[in-house]
Amino acid sequence: MLIKPDTIEQLSSTELQTLLIQYQSRQLELEQQNRGLSEQIALLESHIVKKTDQLTDKNNTLKKTIDELNYSRHQLLEREAKLNSILNASIEGIIVIDPAGAIVSVNTAVENIFGYHAEELIGNSIRLLMPIAMRKNQDLYLEKYLRIFIPKALGQIREVEGLRKDGLLVPLDMTVAEFPLDGVRYFSGIVRDVSARKLQEQQEKEHLEKLAHVTRVGLMGEMASGIAHEVNQPLSAVVNYTQVCMRLLQSENQDMAKIGEIMQKANQQALKAGQIIHSMREFVKHRKIHRSTVDINDLIYDAISLFESDFKQNLISMRFELTKSLPSVFIDRVQIEQVLLNLIRNSIDALKELPQFTQRQLSIESSLNPINYIEVRVKDNGPGLTPQQQEKILTPFFTTKSSGMGMGLSISRSLVESHHGTLHFNSKEDKGTTFYFTLPTENTDYGRNET
Ligand SMILES: Nc1ncnc2c1ncn2[C@@H]1O[C@H](COP(=O)(O)OP(=O)(O)OP(=O)(O)O)[C@@H](O)[C@H]1O
Ligand SMILES: [Mg+2]
């Protein structure tokens, strides 16, 4: 009920009563509302206090976490600095690349080996450090090349060449490792500059080649009287044969067939003298040794294949007893093949002396002996050697063959010995002969020593 103030005096007491009651109930209502509001405010306040406490707690935890993070960051930086100083102190170059071949990091040794500053390398392709000849092939396919090259190289020491900033090539020993980081595969290459070692190896090789040459020349000197004797023999035969021919030509009834036969013999002897001189020249020649990694069984098969027709013609049966997966040898292939050819040729010659219809057998064995040397045995069931022959066969010019020169075995022995191996034989009269020689395997000191 709305009442204007100036009409209040005109109100009856009943109306005033009603008004008062209305007023009181309104006031009560207001008081109630007020109470509800205060309760809500108190609730709100307590809520705020609680939340503030929680926030303060969280804040403290956050501060602690930040402190901890700062500490670990500090430790991480310290560790990184330590690691860097270790990496930089390393004499080995360490190059990290990503799967696309981009250089991610390098240490100081890499700068020294290749002559670049780290900034010039980082972000650049690894191709920059590869020899140009290699780069050409890899230009388009670097990723593919790395995918193939790296698994093969993992965990192995490889000899490679690097390209320096000044354009010079540097020989390196390299190992490769792989590591994942944030789901990406990175590769680290550890490279060592082996220029000094290579130079020394080259010098040693040259020195030993000279030494071997001097030794051979010395040996020749010692053999000079033998050589003179050897050459003299066919020459005197030539003289004798030609004298006989001249006499026959002067005689009345000239037997041309006979003269032809004698001339033929003179011709053979002259050729023999020539061969002796030729083989001496070959022996003394200052020939460079060309070593390579060789599977001895392959070499044996190669050598044997040259005698196929001799085996057939002379009804010789051939047996192989080759040990599989032997370590490789680092040898001059031609020289060791020469040794095998000499020994096989000698066995064939010996077997040819056996009476017809006797079983002729030649066998070749390869094995690894107790001191880790490769051993090759050439065995025949030929007539064997008498004790007197056994004493002489390794000396130059000893031969029992009309067309032999007696140089095969002494040259073979000198070739095997120049490879740090040995050549021996066993022989029993009427039973057969076995020649065997050893060679150091590639992974031994002697096996790699380029002498
Ligand atoms: N497997 C063998 N069985 C029997 N005798 C052998 C055997 N190998 C070598 N000999 C003997 O040793 C000698 C010397 O052998 P060597 O190979 O040095 O010379 P060669 O065979 O006579 O001549 P060449 O200089 O052409 O090799 C031979 O003449 C032979 O008498
Ligand atoms: Mg011979």
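Read-outs throughout are calculated quantities, based only on the coordinates presented, and are distinct from any laboratory measurement. On a predicted model such as this, the values are computed, not experimentally measured, just so you know. Because the Cβ atoms are built from the backbone with ideal geometry, glycine has one as well, and the counts that use them run over all protein chains shown.
Here are a few things to note about the model shown:
- Nearest-0.05 FRET efficiency for E261 and V104, computed from C-beta distance (R0 56 Å): 0.10
- HN-Hα J in Hz across the range 196-203 - Karplus 6.51, -1.76, 1.60, θ = phi - 60°, x for Gly and Pro: 4, 5, 4, 4, 5, 4, 5, 5
- Rounded to the nearest 20, the size of the Cβ-charge dipole of the range 254-327 about its Cα centre is 380 debye, with Lys and Arg at +1 and Asp and Glu at -1.
- The chain: angle of helix 256-284 to the longest principal axis, Cα-based, in degrees nearest 10: 40 degrees
- Put a plus charge on the Cβ of each Lys and Arg, a minus charge on the Cβ of each Asp and Glu, and nothing anywhere else: the dipole of the range 289-451 about its Cα centre is then about 340 debye.
- Translational diffusion of the chain, µm² s⁻¹ [Kirkwood Rh, Cα pairs; Stokes-Einstein; 20 °C; 1.002 mPa s]: 68 µm²/s
- Label-to-label distance, nm, for residues given as H278 and I41 (7 Å Cα→Cβ offset): 12.8 nm
- Modelled FRET efficiency - R0 35 Å, E15 with I48, Cβ distances, 0.05 increments: 0.15
- Distance between modelled label sites at Q388 and L76, nm, 7 Å Cα→Cβ extension: 9.1 nm
- If the chain linking M318 and I371 were pulled fully straight, counting 0.36 nm for each residue of separation and taking away their Cα-Cα distance, it would gain 16.3 nm.
- The long axis of helix 296-305 is offset from the longest Cα principal axis of the chain by roughly 40 degrees.
- The range 318-403: GluC sites (Glu not before Pro) falling in loop per DSSP and having at most 14 other Cβ within 10 Å: E353
- Only the Cβ atoms of Lys and Arg (+1) and of Asp and Glu (-1) were treated as charged; on that basis the dipole of the chain about its Cα centre amounts to roughly 1800 debye.
- Rounded tilt (10° steps) of 13-89 against the dominant C-alpha axis of the chain: 20 degrees
- Arranged from fewest to most other beta-carbon atoms within 10 Å of their beta carbon, V231, V110, V416, V49 become V49, V231, V416, V110.
- Model label sites at L181 and N253, defined 7 Å from Cα along the beta-carbon direction, differ in position by 10.5 nm.
- A helix-only calculation puts the chain at -19000 deg cm²/dmol for mean residue ellipticity at 222 nm, using -39500 (n - 2.57) for each DSSP H run of at least four residues, averaged over all residues.
- Farthest toward the positive end of the dipole of the chain, out of L351, L121, T56, is the Cα of L351, where the dipole comes from beta carbon charges about the Cα centre.
- In terms of other Cβ atoms within 10 Å, E111, E31, E204 run from fewest to most in the order E31, E204, E111.
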